[in-house]
Amino acid sequence: MNKYDAIIIGSGIGGLATALMLSQQGRKVLLLEKNKFLGGRLSSFKRDGFNVDLGVHVISRSDKGPIGEVLRRVGIANPISYTTVRPLSSYHGKTFIFPRDLKDMVSEADFNALTTIMKDINLMSEEQVKSYDDVDLKTFLLSYTKDPLILACFCNISTIYVCLPTWLTSAGEFMRCLRMEAQARSSGYPEGGCAVITNTYAEGVRRFGGEIKSGVRVDKIEVEDGKVSGVVAGDQVYKADVVISNGDIRSTVLALAGSEYFPKDYVDYVRGLQYSWSGPVVRVALDKKVTDIKMLTQFGTTDQEGYYEKMANGIMPEELNLFVVIPTNFSPSVGPEGKQLVCIASPMPLGTPKTILEQMTEGMIETARKYIPNLRDDALWTNTMTVDQLDKMVGESGAGIGIGQRPGQCGDKRPGIKTPLEGLYIVGAEAGGTGVGTELAVNSAMEFIDKHSPFSGRK
Ligand SMILES: Cc1cc2nc3c(=O)[nH]c(=O)nc-3n(C[C@H](O)[C@H](O)[C@H](O)COP(=O)(O)OP(=O)(O)OC[C@H]3O[C@@H](n4cnc5c(N)ncnc54)[C@H](O)[C@@H]3O)c2cc1C
């Protein structure tokens, strides 16, 4: 029977980054992915000549961030070219640049407060930022201003950064995301679509001798004498003293390994962890070029708490919160010449009533038509990914990011990468790390290598 140095469960970007760094160190690595495709939430599929991303992806710091850092660490000259994109904000059909244009939209005192918020966030020491890990972002903002438009703009940004509204977002974690992005000033989209990142990492793993098997679901993590000894997938057993799960922390601990191998307080802690929010993604392929918009965020009311409360009570808001990306406008190879691809996401809590979910595709298209009126007339096809479908594909109840970056779940209180079961580690947007979505997951992988890996550097 083949024995590996490490087995990685799941090919999300956190799992691939870990596999890439370990295989470059000369470790014998096996990565098992249950889906036939690689990348988890960072994957794409092809339809009628379009490369469609599973999510609506902007990489917060493109190659200046952890995605580029991992490639530099393993010595792969960065083959990914990014187009820098800055989203426009939009309220009620009026488009503007945050924070600059709010000068003419709020009182002078509130605009000064906004300037102070941005300055304070950027100038705080790491220790000061950390002291806000357990404070929610809304409480932090209210200590500067009560202006509804400013508060709604931040809510819009926090749902994009961490897929949670301000009242559920850790202020400390939000500050880290904002500071990193502000310093790098390079938010971007990979030419050819997001799967380019996934494919580059996967090719790297193989080039360093790592093995990747897709379409193989891990059913069980084996434990012998209180230590991890391998995994079972169907009728196959793969042996390793180190198993690194990139899957859901709850399933990993409670189902794949089994709660009996962990202290009770850890099991209770894992059971109590809360995911980020989620939301459907609507993709519309257009027969011709109808818009110059590249990326736009939209909200229709400044009463964001009221907006989500309405949804929870089964009432469809008139205008939906949207994140609209038109990748063909900055990465032409994503679609056939002369055609456009419009991707629209709308954040919402997990457990939103079915009556609302059923109306989302129509509601999202109708709101987006404020900016792209021809969205229906020139559509070649429309495709919706529901939260349920996302859950079936990549798990975690269909959460957008992973374990929510909320007070009590960030910084020192983020779930640990090293679990109490010897040999079992968790990487990705489920444990450790900091930052926006994909960068959170890759930072977690680098944290594993730097602080928790049982292997010491290159073999
Ligand atoms: C709609 C949407 C839009 C997004 N937009 C952005 C964005 O613009 N910018 C950004 O940075 N981030 C964005 N994100 C978030 C980002 O994609 C995720 O946070 C990140 O990709 C998570 O990576 P991960 O390493 O945690 O792995 P995941 O992507 O969660 O992948 C985990 C993998 O493990 C596999 N797996 C699980 N269990 C098993 C098992 N038992 N056996 C084998 N395999 C298993 C799964 O199939 C999956 O492939 C978005 C997410 C969504 C859903």
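What follows is calculated from the coordinates using simple rules that are stated; it is not laboratory data. Predicted, not measured: the structure shown is a model, and the values here were computed from it. A quick note on method: Cβ atoms are made from the backbone with ideal geometry, for glycine too, and the neighbour counts reach across all protein chains shown.
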**Asked** How high is the FRET efficiency between Ser131 and Lys46 when r is their beta carbon distance and R₀ equals 60 Å, given to the nearest 0.05?
**Response** 0.80
**Along each principal axis, Cα extent of the chain, largest first, Å** = 66, 50, 44
**Prompt:** For Leu286, which sequence-distant residues (separation of 5 or more, or a different chain) have an amide H within less than 5 Å of its own amide H, given hydrogens modelled in the peptide plane?
**Reply:** Gln340, Leu341, Val342, Leu380
**Unit charges on C-beta of K, R, D, E only; dipole of segment 111-184, Debye** = 180
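Sorted by average packing, counted as other Cβ atoms within 10 angstrom per residue and highest first, what order do 12-25, 332-345, 272-285, 368-381 take?
12-25, 272-285, 332-345, 368-381
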**Prompt:** What residues from segment 301-315 fall in the zone where the backbone N is under 14 Å from a label point 7 Å along the Cα-to-C-beta line of Thr95?
**Reply:** none
**Asked** Setting aside same-chain residues fewer than 8 positions from Lys34, which lysines have a Cα under 25 Å from its Cα?
**Response** Lys3, Lys46, Lys213, Lys220, Lys227, Lys239, Lys392, Lys418
**Request:** Quick one: net charge around Asp48, please, counting Lys, Arg +1 and Asp, Glu -1 for every other residue with C-beta under 14 Å from its C-beta.
**Result:** +2
**Prompt:** In what order do Cys155, Cys194 fall by count of nearby beta-carbon atoms within 10 Å, going from fewest to most?
**Reply:** Cys155, Cys194
**Request:** Compute the separation of the alpha-carbon centres of segment 33-61 and segment 354-408 and state it in Å as a whole number.
**Result:** 15
**Request:** Mind giving me the nanometre distance, one decimal, between the label points for Thr83 and Ile315, set 7 Å out from Cα along Cα→Cβ?
**Result:** 4.1
**Request:** Ratio to report: Rg/Rh of segment 345-393, with Cα atoms as the point set and Rh obtained by the Kirkwood method; give two decimals.
**Result:** 1.00
**Asked** Can you pull the Kirkwood radius for segment 276-394, inverse mean 1/r over Cα pairs, to one decimal in Å?
**Response** 14.8
**Asked** What ranking do His57, His92 get, fewest neighbouring Cβ atoms within 10 angstrom at the top?
**Response** His92, His57
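Can you sort Ile8, Ile97, Ile117, Ile197 by how many other beta carbons sit within 10 Å, fewest first?
Exposure proxy ranking, most exposed first: Ile97, Ile117, Ile197, Ile8.
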**Message:** Report the gain in length on full extension from Glu260 to Arg369: 0.36 nm times residue separation, minus Cα-Cα distance, nm rounded to one decimal.
**Reply:** 33.9 nm
**Prompt:** So what are segment 111-184's ellipsoid semi-axes, whole angstrom, largest first, if each one is the square root of 5 times an eigenvalue of the alpha-carbon gyration tensor?
**Reply:** 16, 14, 12
**Request:** Give, in nm to one decimal, the length gained when the segment between Lys354 and Met118 is fully stretched (0.36 nm per residue of separation minus the Cα-Cα distance).
**Result:** 81.1 nm
**Request:** With 10 Å bins from zero, work out the P(r) of segment 366-440 over every alpha carbon pair and list the percent per bin.
**Result:** 16, 30, 26, 17, 9, 2
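Could you work out the local net charge near Ser251, counting Lys and Arg as +1, Asp and Glu as -1, over the other residues with Cβ closer than 13 Å to its Cβ?
0
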